[in-house]
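First the structure, in the form of structure tokens, and then the observations on it.
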Amino acid sequence: MPMLRIRGLTHYFGGLRAVHDFHLDLEPGELVGIIGPNGAGKTTVFNLITGVYRPTEGEILFNGHNLVGKRSDQIVSLGIARTFQTIRLFKNLSVLDNVRIAHFARASYGVLTAVFRLPKYVREEAETRERALELLELMGLSEQATWVASSLPYGLQRRLEIARALATEPRLLLLDEPAAGMNPGEIAELMELIQWIRQRFDLTIVLIEHQMRVVMGICERIKVLDFGETIAEGTPVEIQNNPRVIEAYLGEEAVV
Amino acid sequence: MKRPSLSFLSRVLAPLRAAYESLPPPVRRWTTPMLLAVFFVIALFSPSFINLYWQQVLIYVGINIILTASLNLVNGYMGEFSVGHAGFMAVGAYVASILTVWVFPRWGLGEYVPYLFPLALLIGGLAAGLTGLVIAFPSFRTRGDYLAIVTLAWNMIVKSVLENIDAIGGPRGFMGMQKLTSVAWVYVWVIITIYLLRNLVYSNFGRGTLSIREDEIASSLVSVDTRKVKITVFVVAAFFAGIAGGLFAHIIQFINPRSFSILKSTDVLVMVYLGGIGSLGGSILGATVYTVLLELLRPLQVWRWVVGPLLLVLLMIFRPYGIMGMREWRFLIPPEERVETVAALMERIRRKREAVAAPAPAGGSSG
Amino acid sequence: MQTLVQQVLNALQLGSVYALIALGYTMVYGIITLINFAHGDIFMVSTYVAFFVGTALMSQLLRLPGIVVFVLTVLAAMFATALLAVLIERFAYKPLRQAPRVSAVITALGVGLFLENFTLATIGPDPRFLPKFFPVVTFTMGGVAFSNIQIIIIAVSAVVMLLLDTIVRRTMVGMAMRAVSWDKFTAPLMGVPVDRIISITFAIGASIAAIGGTLFGMVYTVDPYMGIRIGWWAFISAVVGGIGNIRGAMIGGYILGFVEIFTPVILPASTYRDFVAFSLLLVLLIFRPYGILGRPVAQKV
Ligand SMILES: Nc1ncnc2c1ncn2[C@@H]1O[C@H](COP(=O)(O)OP(=O)(O)OP(=O)(O)O)[C@@H](O)[C@H]1O
Ligand SMILES: [Mg+2]
């Protein structure tokens, strides 16, 4: 039984078929890439897995739980975390708070415990604070813990988004174009980081990326989407030599 | 969002701050509680040295602080735009009044009413809190301007329902309340409100609330149960509005549905945005400045209602974040949340970890 | 049966006025997503302009025919109100276009209160009557009595609405308006003068409210609070129809007109009016959060 099992996933936006008959089986520990031209439906697949949209058709099973119809926060609590193609940090909040918010589902105290500052609240808050700071330290954001998130340089904002996702303690991490807008030096750092967190937190990762260097460099298996259809699947070498993939990309380049 | 600087205020307060910093830590820890106690004693004896008019102004200031701080939770911290706060205030005012005027005396508790006053307020607040659900449930699906309209409709509905219940006076209003609200009582309720709201704001729920303001979708994607947060926020805000309503009813001793119209809600909105969103200190300032200002403008008669809105417009144009937008007074931040405490904790964690293992690649250096 | 027809006419008359005002709310919202809470008070100011101009022109010295006075009054009210709205946009709203959205909404509330209280302070709270431009003629048909004024109100409103609908759908200005409302950021790249289009939108919205204001003043009294009283109802009309949607505002206006007239018919105490209207609004927003013709905005993730 795979960790994540997606069968016949299809999604329409009105008349537009954004994803069609998408399949995916993920074994624990895998690092799988999804590539495809703009508008291929990659982000939509993430949105369907994480409950942002409800699929028109298809089933998504995660460790035996059916995810279709669940709210996003419930899905995240089951152990799936994600980042966003365009950074979506809580801009006006501190770096520490950004990470602590991701502890929401794990806090067990109620409103009354909080407002009256009962011992349980004090204890859990101290624990949350410490764990969040530990994670920030580990991710190399210790100096910036009290900064406002929007004041971080771009590369660190990306890093914070990953840290925030990790704070939900996921088993499966979905990264949506983490290298977007980065320079070659930052990209190399990012690749190293992805592999490091994968080891350190024992993660299964799905990675959407336009930077071929990243995908070909670290993914074991790649799926290629075009106009919502899966047009190829295989190892990086297989994908690089697949005529349909080349056509899809050449077709795009001709337009650009 | 860019934050306005508070240079003027901080310069004025700098000497005080310096004096405070020079105190030994144990003294410092007890400074705030001691000051609060001293002010309580002053409030308790205020009737003997403050005239009735200024007592009344102080009471309104207090009531407005409660209203403003609680509305700030919804509008400032959660980033929704509620324009119906007076609706909740009305529920609290009528329920508390009915208790002290009818229910308690009918149970033969007539002479204990002054002692039962807090209980009446509490029940009024709970009733108002319950009605907070009326807004909380629609807020799951409806947001932004449309939720604002829902709150507006709510305010109008409450007013209209009250106008149609003849038993409680209908449009003529309800009276017979004793003058139970005193400066000391209001002071106590203000302290309770601010303290409880502060604790809420610096908890899991408070952070969830802020995250909804910042980005609701991202917040649910980092495990925040936004429904739970919304219910909490609307119920808590409505609860305190209800308390304020009860206090209000027992100072003017006569309430009618018109006292809780959309104009009242607008007043509270003005105080929230004057003081600044996402700030309890701002709520205290906003409510105080606005209430006192309107009193000082009293000689202008009708024209003061012209000056008020004009000031509001100018404020929004030249200082759209209010006096304290998203900043907080230091003493309102729990000690363990202050920047230096967090920094110290971070330092400890770093040393502990450095002794054990390496951090993530390429980290730390870029700050 | 006769009273029913009678009431339908009354509802159409009131609904026309609501619809005319609702258009101003909806147009401004459509173009800059601002709930212009001052619009009700702009309407109120327009009725005062109509009152003063109309009274002056009706004086015995001029001896102008009623129809000329009526037209001149409407034009004066339209012009003055449009100017007011454009000034408000220029000095109160425009500086806030980059600011958080609530700042602009609060400003609108402030401007509305300012207009209302300024009128109260300068002109006073007493209700006023517009002069009679025309002698009231009452017709009776099959037992149903209706006046020429009633017909004028319903007909003029309908013509104005048809005209506006055509402007928005067929003309360059209308196209530019739709372009700005669709995408504020690309519209200027296509050569659309955004600032001017926004000003034009405010001007059109306000002049339509002024037409509504003059018509309203011909049958009801004029006072400083009418901006709130009538404005809120018109605002609800816009929301019920789907704020931002012009045809929605028209439909919403008539719906609210019918609600207002028929609530007292069905429920004895007329004080239930507000209750019914706002409950309707609440229920509608819960089940159809974007109004009758409104479309939800897509949230891209
Ligand atoms: N909320 C939405 N409403 C309507 N259409 C949408 C929505 N989100 C995405 N689409 C459309 O669905 C298609 C797939 O979009 P998606 O964002 O999944 O593409 P993508 O593969 O992530 O592209 P990119 O590389 O540009 O990020 C596109 O045509 C897009 O315009
Ligand atoms: Mg994408």
Filtering region C:182-200 for residues that are small (Gly, Ala, Ser) and either touching a strand residue (DSSP E or B) at 6+ places or on another chain (Cβ under 6 Å) or crowded, with 18+ Cβ neighbours inside 10 Å (or both) leaves a count of 2
With criteria (1) open to solvent by less than 30 Å² (accessible area, probe 1.4 Å); (2) under 30 Å from B:TYR195 (Cα atoms); (3) of a type in the set (Gly, Ala, Ser), B:ALA360 comes up short on (2)
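Based on what the data block shows, is A:LEU141 in contact with a Leu (Cβ under 9 Å, 6 or more places away or on another chain) and more than 9 Å from chain B (Cβ to nearest Cβ)?
Working: in contact with a Leu (Cβ under 9 Å, 6 or more places away or on another chain): yes; more than 9 Å from chain B (Cβ to nearest Cβ): no.
In short, no.
A quick yes/no check of all residues on (1) more than 23 Å from C:PRO65 (Cα to Cα); (2) within 14 Å of chain B (Cβ to nearest Cβ):
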| residue | (1), (2) |
| --- | --- |
| C:PHE114 | yes, yes |
| C:LYS132 | no, no |
| C:ALA145 | yes, no |
| C:ARG169 | yes, no |
Pairing a residue in region C:94-117 that is within 21 Å of A:LYS91 (Cα to Cα) and without any contact (Cβ under 8 Å) to a residue 24 or more places away in the chain with any residue that is surrounded by 24 or more Cβ atoms within 10 Å (Cβ to Cβ) and among the aromatic types (Phe, Trp, Tyr), where Cβ atoms lie under 6 Å and the two sit 6 or more apart in sequence or on different chains, gives none
Within region A:157-180, restricting to residues that are within 16 Å of ligand 2 (Cβ to nearest atom) and surrounded by fewer than 22 Cβ atoms within 10 Å (Cβ to Cβ), the one that is farthest from the other protein chains (Cβ to nearest Cβ) is A:ALA180
_I'd like to check something: does region C:258-270 contain any residue that is more than 21 Å from the chain's Cα centre (by Cα), within 16 Å of ligand 2 (Cβ to nearest atom) and open to solvent by 40 Å² or more (accessible area, probe 1.4 Å)?_
no
Reported set for region B:307-335 where residues are facing another protein chain (nearest Cβ under 7 Å) and free of Cβ contacts under 8 Å to residues at least 24 places away in the same chain is B:PRO309, B:LEU310, B:VAL313, B:ILE317, B:PRO320
Being closer than 20 Å to C:THR33 by Cα and open to solvent by less than 20 Å² (accessible area, probe 1.4 Å) narrows C:ALA179, C:ALA203, C:ALA209 down to just C:ALA209
A:HIS210 meets each of (1) buried (at least 18 other Cβ atoms within 10 Å of the Cβ); (2) more than 13 Å from every other protein chain (Cβ to nearest Cβ); (3) within 16 Å of ligand 2 (Cβ to nearest atom) with one exception, condition (1)
Listed by first then second residue, the pairs whose first member lies in region B:10-24 and is more than 21 Å from B:MET324 (Cβ to Cβ), whose partner is open to solvent by less than 60 Å² (accessible area, probe 1.4 Å), with beta carbons under 9 Å and at least 6 positions apart or on separate chains, are B:LEU23/B:THR31
Those residues of region A:12-66 that are of a type in the set (S, T, N, Q) and in contact with a Ser or Thr (Cβ under 7 Å, 6 or more places away or on another chain) come to a total of 2
Of (1) open to solvent by 10 Å² or more (accessible area, probe 1.4 Å); (2) part of a helix (DSSP H, G or I), C:GLY15 satisfies every one except (1)
All-but-one check, A:LEU89 against (1) within 30 Å of B:VAL235 (Cα to Cα); (2) surrounded by fewer than 19 Cβ atoms within 10 Å (Cβ to Cβ), failing number (2)
Q: Could you check, for region B:277-287, whether at least one of its residues is hydroxyl-bearing (Ser, Thr, Tyr), more than 9 Å from chain C (Cβ to nearest Cβ), free of Cβ contacts under 8 Å to residues at least 40 places away in the same chain and within 27 Å of B:ASN199 (Cβ to Cβ)?
A: no
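Does A:PHE116 fit the bill of being surrounded by fewer than 18 Cβ atoms within 10 Å (Cβ to Cβ) and of a type in the set (A, V, I, L, M, F, W, C)?
Working: surrounded by fewer than 18 Cβ atoms within 10 Å (Cβ to Cβ): yes; of a type in the set (A, V, I, L, M, F, W, C): yes.
It is true that A:PHE116 is surrounded by fewer than 18 Cβ atoms within 10 Å (Cβ to Cβ) and of a type in the set (A, V, I, L, M, F, W, C).
Could we say that A:GLU192 is out of contact with any Asp or Glu (no Cβ under 7 Å at 6 or more places or on another chain), acidic (Asp, Glu), open to solvent by 40 Å² or more (accessible area, probe 1.4 Å) and within 28 Å of A:MET3 (Cα to Cα) here?
Values: out of contact with any Asp or Glu (no Cβ under 7 Å at 6 or more places or on another chain): yes; acidic (Asp, Glu): yes; open to solvent by 40 Å² or more (accessible area, probe 1.4 Å): yes; within 28 Å of A:MET3 (Cα to Cα): yes.
For A:GLU192, the condition - out of contact with any Asp or Glu (no Cβ under 7 Å at 6 or more places or on another chain), acidic (Asp, Glu), open to solvent by 40 Å² or more (accessible area, probe 1.4 Å) and within 28 Å of A:MET3 (Cα to Cα) - is met.
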If you go through B:LEU162, B:LEU180, the only one that is assigned to a helix (DSSP H, G or I), under 25 Å from the mean Cα position of the chain (by Cα) and more than 8 Å from chain C (Cβ to nearest Cβ) is B:LEU162
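The values are calculated or read from the model by the stated rules, or taken from the named source; none is laboratory data. None of these values were measured; they are calculated from a predicted model. Heads up, the Cβs are rebuilt from the backbone with ideal geometry, glycines too, and the neighbour counts pull from every protein chain shown. Accessible surface areas use protein heavy atoms only, side chains included; no ligands, DNA or RNA. Shrake-Rupley method; radii C 1.70, N 1.55, O 1.52, S 1.80 Å.
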